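See structure below.
The values are calculated or read from the model by the stated rules, or taken from the named source; none is laboratory data. Everything numeric in this text was worked out from a predicted model, so none of it was measured. Counting neighbours? That spans all protein chains shown, and the Cβs are built from the backbone with ideal geometry, glycine included.
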Amino acid sequence: MDTLPLTATALGRFFHLKGSEIERYYKYHLSDYETWDQRNHALEWVMRSENIGERCSIDETQLCEDVYTIFSNKDGHGRKGSVIAIIRGSKADTVSRIIRQIPAGDLARVKEITMDFSDSMYSIAKECFPNATIVIDCFHIVKRLCEGLEAMRLKFKRQAVTENKKAAAAFAKNEERKARQRAYYRRRHRKNPKERRGRKRVRKQAYRPPVLSNGDTQVELLTRSRNLLAQSGDKWGEHKKERAGLLFELYPQMREAYSLVCKIRDIFKRRMTREEAKAKLREWYRDVNACTFREIKSARDCIKARETEVLNYFINRATNASAESLNSKIKRFRAQLHGIADIPFFLYRVVTIFG
């Protein structure tokens, strides 16, 4: 339990003991939690300053029903020696005040720090790491553009739903008109007892929206296109390719916007120098200027505001993947505890395992 994210419940299954009992034995007798020097402030922050290195990451995550900022060492690769500090909250002044408790010489050792587009994370990096090159994670850049693409998809879906409701209302109105005509005809043309009329017509019919060639309605097509728009086209299967073809045929604006996202994705996939990447990025700016999609232009403005940090990716091609992996491991470990451990003891376990 000191080296692996193993829960007391999982360990108790082997010895036929309650997980809560093992948790209590470990907490008060086997571990040094009672004498832990960070116990008094563990609810607000914990730190392992000796883990600091030249390549670090800073990220925020939802943990223990609150937001925590995790400062980690990339060389730990999400294992022992990864956690440098876990701080409750994401306010720049609060997090910076705690990080500055690390000796200034150690903070000056940090040469590279990766992060997302968060303004608070940027302020923390600027204030606490004077010698560090700030790198905006390329995955968050593509994610920001995909969010713009998602906003366009939802806009078209709302329009399709509105049109569908109008068509259903018009269909119902037409059915009522036909029913009134039939009733009028029967009043004016009384049935002759000797006359045999044809099969009685179905009086009410439900509206059915038009179905496309792949079996989707227009609203279903837009709903089910969410995942494929977030992927590169070379990862599509046959069904997704068919669905994407129908989507782009009905909505040419989605094709154009998706091609802009693919262009920026292709830039980050290629091996090129920082200057070459800058030229490619400027070409992409011109392509975005020619379009009329405010969602994509909003993402472009976000990239332009942090262009220097975005282009720093092409120096060492550093990403925030290790921080994402560490965050996932910590969150998964917390979910496995099922509320047995309180927050300070949980953070003690995290620092013991990953610190």
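Observations, loosely collected:
- Taken over region 61-94, residues that are over 16 Å from Lys329 (Cβ atoms) and not in a helix (DSSP H, G or I) amount to 10.
- Flag for Tyr251 being more than 30 Å from Val211 (Cα to Cα), in contact (Cβ under 8 Å) with a residue 12 or more places away in the chain and hydroxyl-bearing (Ser, Thr, Tyr): no
- Taking region 122-151 as the range and being more than 17 Å from the chain's Cα centre (by Cα) and hydrophobic (A, V, I, L, M, F, W, C) as the test, the residues that pass are Ile124, Ala125, Cys128, Phe129, Ala132, Ile134, Val135.
- Among the residues here, Gln38 qualifies as polar (S, T, N, Q) and part of a loop (DSSP other than H, G, I, E, B).
- Test: residue in region 324-342 that is of a type in the set (Gly, Ala, Ser), modelled with pLDDT under 90, assigned by TED's automatic domain parsing to the domain that holds Ser57 and in contact with an Asp or Glu (Cβ under 9 Å, 6 or more places away or on another chain): yes
- In summary, Ala172 fulfils each of the numbered conditions (1) surrounded by 19 or more Cβ atoms within 10 Å (Cβ to Cβ); (2) touching a Phe, Trp or Tyr at 6+ places or on another chain (Cβ under 8 Å) with the single exception of condition (1).
- Against the criterion of being within 17 Å of the chain's Cα centre (by Cα) and at pLDDT below 90, Cys64 does not qualify.
- Counting only helices (runs of 4 or more DSSP H) that sit completely within region 252-355, those holding 1 or more residues that are touching a Cys at 6+ places or on another chain (Cβ under 6 Å), surrounded by 13 or more Cβ atoms within 10 Å (Cβ to Cβ) and among the aromatic types (Phe, Trp, Tyr) correspond to 252-269, 313-316.
- Test: Arg243 is at pLDDT 85 or above and out of contact with any Gly (no Cβ under 8 Å at 6 or more places or on another chain): yes
- Selected residue (criterion: nearest to the chain's Cα centre (by Cα)) from residues of region 228-251 that are within 28 Å of Leu311 (Cα to Cα) and either part of a loop (DSSP other than H, G, I, E, B) or of a type in the set (S, T, N, Q) (or both): Ala230
- Flag if Leu30 is modelled with pLDDT under 90 and surrounded by 14 or more Cβ atoms within 10 Å (Cβ to Cβ): no
- If the condition is being closer than 21 Å to Glu324 by Cβ and part of a loop (DSSP other than H, G, I, E, B), then region 112-130 contributes Asp116, Phe117, Ser118, Phe129.
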